[in-house]
Amino acid sequence: MDFFHAHQAQHYLVLGALLFALGAAGVVLRRNAIIVLMSIELMLNAVNLTFLAFARFPLVPNSPMGSFLSGHAAVFFVIATAAAEAAVGLAIIIAVFRSRTSVNVDEFDTLKL
Amino acid sequence: MEVSWLHLVPLLPLIGAAICGLVGKWLPKGWLYAVALASVLLPFLVGLRAFVGLGEGVQLFHQLAFNWFSAGSLRVDMAFTFDRLSGALTLVVTGVGFLIHVYSVGYMDEDPGYWRYFAYLNLFIAAMLTLVLGDNLVAMFVGWEGVGLCSYLLIGFWFTDEEKASAGRKAFVVNRIGDFGFLIGIFVLFTQMGTVNIAQINSAAIPMGVAQLAAFCLFIGATGKSAQIPLYIWLPDAMAGPTPVSALIHAATMVTAGVYMVARLSHLYVSAPTVMVVVAVVGTITAIWSALIATSQNDIKKVLAYSTVSQLGFMFIGVGVGAFFAGTLHLITHAFFKACLFLGAGAVIHGLHGEQDLQRMGGLRKYMPSTRTTFLIATIAITGIFPLSGFFSKDEILAQALHTRAFSLLTLTPGGSMRLTWLGPLIYAVGSFAAFLTSFYMWRCYFLAFSGEYRGPEGVHPHESPPVMTVPLWILAGLAVLGLLLGLPPSWVHGTALEHWTWEHFTEGVFARPRGGAPGEFSPAVGFGIALLVGWLGWAGSYTLYFKRGLSGDELLSARLGPVRRALANKLYVDELYDRVIVRPLWALARGLWRVVDATLIDGLFVNGIPSLIAWVSAMARRFQNGDVQRYAAVTALGVAALLYVFLVRS
């Protein structure tokens with residue numbers, strides 16, 4: 001069996017985990033708010049990939065709890081939410097940039113008391 | 001008989017108090033007086049009508065006004081009982097109370113707080129009537145506390161004077177000690193007998209131990225309210241209040257509540273023979289103790305105050321030896337003549353513009369004929385000179401003490417019994433000596449105030465009081481004389497119309513019989529002879545010392561009995577003793593508790609300690625919340641990773 005032709009979940013899951021870790025690292029480490037936003041998109045898509053992997057290779061075959069379509073449905077929700085989130089996030093970044101002339105998240109520390 | 005109008009008796013004065021207290025300030029004076037007087041007179045008329053009804057074959061009137069509260073098996077009603085005892089007391093309270101209200105119109109007219117005064121006075125009447133009429137101990141306790149409150153308010157009526165305000169506080173605190181005992185007594189009766197209803201308690205078979213404990217606790221309450229040793233110290237100080245208040249509350253009505261309570265619960269006390277001994281002995285000691293002090297006081301109100309304490313002691317002798325009718329008879333006659341004496345003293349003080357010192361009076365009979373005559377009548381009555389009311393009531397008590405059988409089968413322990421047959425005669429002897437002293441100090445007071453030459457301050461022209469004050473004096477003096485009708489021995493008036501109205505005959509069946517049975521038949525003549533002799537001896541001693549000499553009689557006594565008299569003039573140092581033994585240790589304890597427990601432990605450790613701990617923890621925790629969202633996200637991610645490790649890898 002060839003690694004690339006073996007239709008197994010773990011390939012997709014490993015990829016999803018790597019993408020997720022990459023996104024999380026971007027969120028935590030990068031200073032540019034737009035990059036942070038993009039990293040979040042990356043994490044969301046990692047999750048999407050995981051959903052799809054489990055939809056294609058269910059853990060319990062022929063589960064009575066629902067068909068593989070439930071994973072797809074979740075992905076559509078995530079995509080829609082991510083689109084909305086990106087719109088709102090970019091709007092906030094623009095608003096913040098207008099008042100502070102900066103997109104550096106280190107300077108956005110007014111959440112503390 | 002169940003009736004529907006009895007609640008009016010305590011309710012009307014309560015309404016009067018509400019009107020006077022809430023809107024009295026803005027009412028015209030005349031209206032206020034009308035409200036205040038009517039709200040005492042109307043209950044008197046209701047009581048009079050009911051009292052006449054009692055003669056027509058009805059034993060008692062009873063009304064269940066409302067069920068106050070119920071909890072478990074406890075059921076407390078606001079219910080009133082109007083029988084021969086509480087009925088007579090109602091008439092005394094409202095009747096004497098009304099006269100004192102009338103008198104107060106003259107006495108307090110110029111005081112700016114007159115509306116407040118009448119509100120308190122009406123409230124007092126309402127509370128006292130609740131106490132008297134209440135058919136259960138809890139209702140009685142409401143009145144008991146109510147009169148204590150009014151007493152406090154009225155003693156400290158002129159509260160801008162620190163001394164008077166503290167006298168009010170003293171009365172309240174000392175009474176509180178007694179009330180504590182009263183409450184415990186109620187608790188004991190409820191837990192052991194399952195009822196607080198007086199009629200039920202009086203008809204139940206009470207186990208000896210329960211009866212002893214409950215009766216003793218209730219008697220502690222009585223020593224507070226009725227100013228007996230050891231809690232009598234508040235009453236002399238209570239003279240700081242306006243004089244009519246002293247007459248109404250601290251002589252005629254409230255202070256007799258303890259005697260009334262013992263007589264009301266006669267069955268309970270009869271079931272507790274040891275406590276009966278305590279009651280009688282405490283009464284005897286109080287009677288002689290305060291009579292001694294009264295001989296050496298120079299403040300006219302203080303003399304009367306100690307006299308009141310002493311007379312209350314006599315009443316407790318009466319109820320203590322099982323002669324409940326004698327004790328309550330003295331209660332009633334004492335209400336008449338002591339109210340008259342106090343109001344007379346008030347008239348003197350009024351006429352002398354506030355002078356209360358007997359040393360600065362004298363010769364007032366020329367200036368105040370009405371006051372002098374009524375004071376004289378009341379003095380004759382209290383000194384027990386034939387044939388005024390005090391003679392009969394006081395001698396009845398002493399004769400009953402001499403012949404009592406209440407101590408002949410005294411049970412001290414549940415196992416054995418012992419006979420204290422010598423106690424009755426001893427009480428008689430001491431009581432007779434106290435009666436002699438009573439006569440002595442009352443005549444001293446009379447002679448110093450009204451005989452001899454005027455020694456008062458220059459520039460003060462003593463004057464007779466207006467009729468609004470003298471008319472009540474005359475009525476009370478008349479009652480002090482007529483009270484003898486109640487006190488006549490039944491054997492004297494046997495077969496006449498008066499027999500029905502002698503108190504002994506009238507209250508037959510109201511009180512329980514003492515343990516050894518009532519005293520056998522005895523001839524009252526010998527006791528009367530001795531009592532008369534004692535009364536005249538007191539007069540004679542006082543006459544020789546004070547009638548001609550005036551104040552130098554005191555000097556003569558002081559020369560002979562220097563240290564004794566000085567001790568008596570200083571009230572036998574009881575206040576100082578209490579101060580050393582009780583007040584100061586309490587003070588020190590309170591101070592210690594304040595410093596150590598309150599300031600250090602509670603304030604320091606709990607009140608301030610816990611917040612500062614929280615503040616410190618918060619200061620630590622604040623470091624984590626620096627507003628950097630990325631750090632939050634990093635920490636969250638680490639947390640999730642840790643959780644995943646725990647749940648996925650470790651398990």
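The values are calculated or read from the model by the stated rules, or taken from the named source; none is laboratory data. A quick note: this is a predicted structure, and the numbers were derived from the prediction, not measured. Because the Cβ atoms are built from the backbone with ideal geometry, glycine has one as well, and the counts that use them run over all protein chains shown.
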Just to be sure I understand the filter: pairs with C-beta atoms under 8 Å, separated by 6 or more residues or on different chains, first member in region A:88-113 and away from every other protein chain (no Cβ under 14 Å), second member at pLDDT 85 or above. Which pairs pass? A:LEU90/A:ILE34; A:LEU90/A:LEU37; A:PHE97/A:VAL103; A:SER102/A:VAL96
I need the full set of residues from region B:503-530 which are part of a loop (DSSP other than H, G, I, E, B) and either outside the structural domain of B:LEU398 (by TED's automatic domain parsing) or farther than 26 Å from B:LEU268 by Cβ (or both), in order please. B:GLU521, B:PHE522, B:SER523
Residues that are exposed (fewer than 11 other Cβ atoms within 10 Å of the Cβ) and either at pLDDT 85 or above or within 7 Å of another protein chain (Cβ to nearest Cβ) (or both), drawn from region B:619-643: B:ALA619, B:MET620, B:ALA621, B:GLY639, B:ALA642, B:LEU643
Name the residue, out of B:VAL309, B:VAL319, that is touching a Leu at 6+ places or on another chain (Cβ under 6 Å) and either assigned by TED's automatic domain parsing to the domain that holds B:SER246 or surrounded by fewer than 24 Cβ atoms within 10 Å (Cβ to Cβ) (or both). B:VAL309
Which one of these is within 13 Å of chain B (Cβ to nearest Cβ), buried (at least 16 other Cβ atoms within 10 Å of the Cβ) and either over 14 Å from the mean Cα position of the chain (by Cα) or in a helix (DSSP H, G or I) (or both): A:LEU42, A:LEU49, A:LEU22, A:LEU37? A:LEU37
Is it the case, given these coordinates, that B:ALA434 is at pLDDT 90 or above and farther than 21 Å from B:VAL282 by Cβ? no
Could you go through region B:602-612 and let me know if any residue there is within 14 Å of chain A (Cβ to nearest Cβ), over 25 Å from A:PHE20 (Cβ atoms) and surrounded by 10 or more Cβ atoms within 10 Å (Cβ to Cβ). no
Only one of B:ALA567, B:ALA559 is in a helix (DSSP H, G or I), surrounded by fewer than 17 Cβ atoms within 10 Å (Cβ to Cβ) and either touching a residue at least 60 places away in the same chain (Cβ under 8 Å) or under 32 Å from the mean Cα position of the chain (by Cα) (or both). Can you tell me which? B:ALA567
What's the number of the only condition in (1) touching a helix residue (DSSP H, G or I) at 6+ places or on another chain (Cβ under 8 Å); (2) under 28 Å from B:GLY483 (Cα atoms) that B:ALA429 fails to meet? (1)
Of all residues being under 17 Å from the mean Cα position of the chain (by Cα) and hydrophobic (A, V, I, L, M, F, W, C) in region B:71-99, which is surrounded by the fewest Cβ atoms within 10 Å (Cβ to Cβ)? Just the residue, please. B:VAL92
Some residue of region B:579-588 being more than 14 Å from every other protein chain (Cβ to nearest Cβ), without any contact (Cβ under 8 Å) to a residue 60 or more places away in the chain and among the acidic types (Asp, Glu): yes
